[in-house]
């Protein structure tokens with residue numbers, strides 16, 4: 001699958017609308033040529049106005065993609081494809097975004113400790129002629145951890161820019177007992193689902 005996608009998209013200008021190094025690393029696994037242009041969207045949408053958290057994540061991703069589209073609208077060569085994502089964590093009907101400080105990170109991790117939660121990533125693939133929107137969900141169970149362990153983890157600095165206050169690919173992985181679903185989705189980019197949608201956007205015969 002990866003080589004097919006690489007062949008199809010090799011000549012296209014692709015932009016990842018995210019400054020996340022984790023998403024960049026995951027997308028590099030597909031061996032695509034892409035640029036990173038970070039969105040300036042303020043991410044100030046009201047979660048309460050959406051009937052489901054994944055709708056909030058998709059809409060936030062869409063605004064990120066549109067922001068980057070506007071930024072590049074005067075480029076000599078406009079993007080062929082803009083990929084944007086947003087990830088949220090939901091536990092007990094409550095949505096957790098990125099903690100703004102250590103106190104908020106502690107509160108989040110304290111609530112997630114010893115419970116199962118769901119990670120939703122909304123993805124938008126924006127082209128001149130089509131906008132594809134989808135989401136992926138993964139169930140994650142965090143071990144019961146002490147306040148001291150939470151505080152020591154926060155001191156590493158890792159939780160601050162992560163949805164839910166932890167990074168499964170880093171030190172935070174030691175807090176996770178098990179997951180049900182796509183591991184990459186917990187990192188913020190559901191790789192398999194993205195590849196499937198890219199193949200649908202650009203059928204194989206476009207490679208020749």
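Where a number appears in this text, it was derived from the coordinates with a stated rule and is not lab data. Everything quoted here is computed from the prediction, not taken from an experiment. When we count neighbours, we look across all protein chains shown, and the Cβ atoms used for this are built from the backbone with ideal geometry, even at glycine.
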At 10 °C and 1.306 mPa s, grab the translational diffusion coefficient of region 33-104 from Stokes-Einstein with a Kirkwood Rh over Cα pairs, rounded to a whole number in µm² per second.
114
Which ordering of 137, 51 is given by a fewest-first count of other beta-carbon atoms within 10 Å?
51, 137
Given that just one value was derived from the coordinates, which of [x] 119; [y] 129; [z] 159 is volume of the Cα convex hull per residue in Å³?
[x]
Mean separation of Cα contacts under 8 Å, 6 or more apart, over the residue count of the chain: relative contact order %
22
With a bin width of 10 angstrom, please list the P(r) values of region 88-144 as percents of all Cα-Cα pairs, from the 0 bin to the one holding the largest distance.
21, 42, 22, 12, 3
Give the separation of the Cα centroids, region 155-203 to region 84-119, in Å.
14
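Calculate for the chain the 222 nm mean residue ellipticity that helices alone would give, adding -39,500 (n - 2.57) per DSSP H run of length 4 or more and normalising by residue count, nearest 500 deg cm²/dmol.
Result for the chain, helices only: -10000 deg cm²/dmol.
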The chain: most fluctuating residue of 182, 161, 46 per GNM, C-alpha cutoff 10 Å:
46
Quantify how much of the Cα-Cα distance distribution of region 124-208 extends past 23 Å, in percent.
41
Fewest to most Cβ atoms within 10 Å: 32, 81 sort as 32, 81
